[in-house]
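These notes are about the structure you will find just below.
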Amino acid sequence: MPPRLRLFYSLLTAGLLFIPVVALYSELSKRSDIWWTPPAMAASLTESQDRVQVYARGKPLDALLNEGKLRITEETGSPTLGASEISLRFNNWDRVRVTRLPILLFYAAACGAVALLVLIIATGRLAYRGE
């Protein structure tokens, strides 16, 4: 392949490499601390049994609430805490990370394939038949 064509295709392919690199960088640079459940959507203790179990002094929080053993000390007194007064917010980063994995793998594979193509073109390893 003539040097001028080799340079042109190398630059063209390197420009194409820029697309998945930018996409991969933007995915990896997103904040990872914003995936908490919003306060308005906080789950009750009974709704969250499949994701979390809270214990106080070795006993399940739900059992302590049902027995009326939990109290909040306030200036006006110490009322018994009920199960409806407990809500939980979850960090959903693990679930978000799993959904992002396929696209990250695709971008990484695209970066590798285009980088390999740049290397092949730049070293002149492609078969070229002049007219």
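The values are calculated or read from the model by the stated rules, or taken from the named source; none is laboratory data. Predicted model, so just to flag it, every value in this text is computed and none were measured. Virtual Cβ from ideal backbone geometry, glycine too; neighbours counted across all protein chains shown. Remember, those area values only see protein heavy atoms, side chains included, never the ligands or the DNA or RNA. Shrake-Rupley method; radii C 1.70, N 1.55, O 1.52, S 1.80 Å.
Couple of notes before you dig in:
- Taken over segment 1-46, the residue count meeting the criterion of being closer than 30 Å to LEU64 by Cα and of a type in the set (Val, Ile, Thr) is 2.
- Residue in segment 8-20 that is hydroxyl-bearing (Ser, Thr, Tyr), surrounded by 14 or more Cβ atoms within 10 Å (Cβ to Cβ) and over 30 Å from ARG100 (Cβ atoms) present: yes
- Residues that are part of a helix (DSSP H, G or I) and either among the acidic types (Asp, Glu) or over 16 Å from ALA109 (Cα atoms) (or both), drawn from segment 1-14: PRO3, ARG4, LEU5, ARG6, LEU7, PHE8, TYR9, SER10, LEU11, LEU12
- Search result, residues across segment 69-115 that are surrounded by 11 or more Cβ atoms within 10 Å (Cβ to Cβ), outside any loop (DSSP other than H, G, I, E, B) and of a type in the set (Val, Ile, Thr): THR80, VAL96, ILE103, VAL114
- Residue pairs meeting the criteria (Cβ under 6 Å; at least 6 apart or on separate chains; first more than 26 Å from GLU67 (Cα to Cα), in segment 81-100; second outside any helix (DSSP H, G or I) and small (Gly, Ala, Ser)): TRP93/SER32
- Boolean, LEU24 is open to solvent by less than 100 Å² (accessible area, probe 1.4 Å) and either farther than 21 Å from TRP93 by Cβ or not basic (Lys, Arg) (or both): yes
- Residues considered: LEU126, LEU119, LEU65. Of these, the only one that is over 30 Å from PHE8 (Cβ atoms) and surrounded by 10 or more Cβ atoms within 10 Å (Cβ to Cβ) is LEU65.
- If the condition is being more than 11 Å from LEU88 (Cα to Cα), of a type in the set (Gly, Ala, Ser) and surrounded by 10 or more Cβ atoms within 10 Å (Cβ to Cβ), then segment 33-62 contributes only ALA56.
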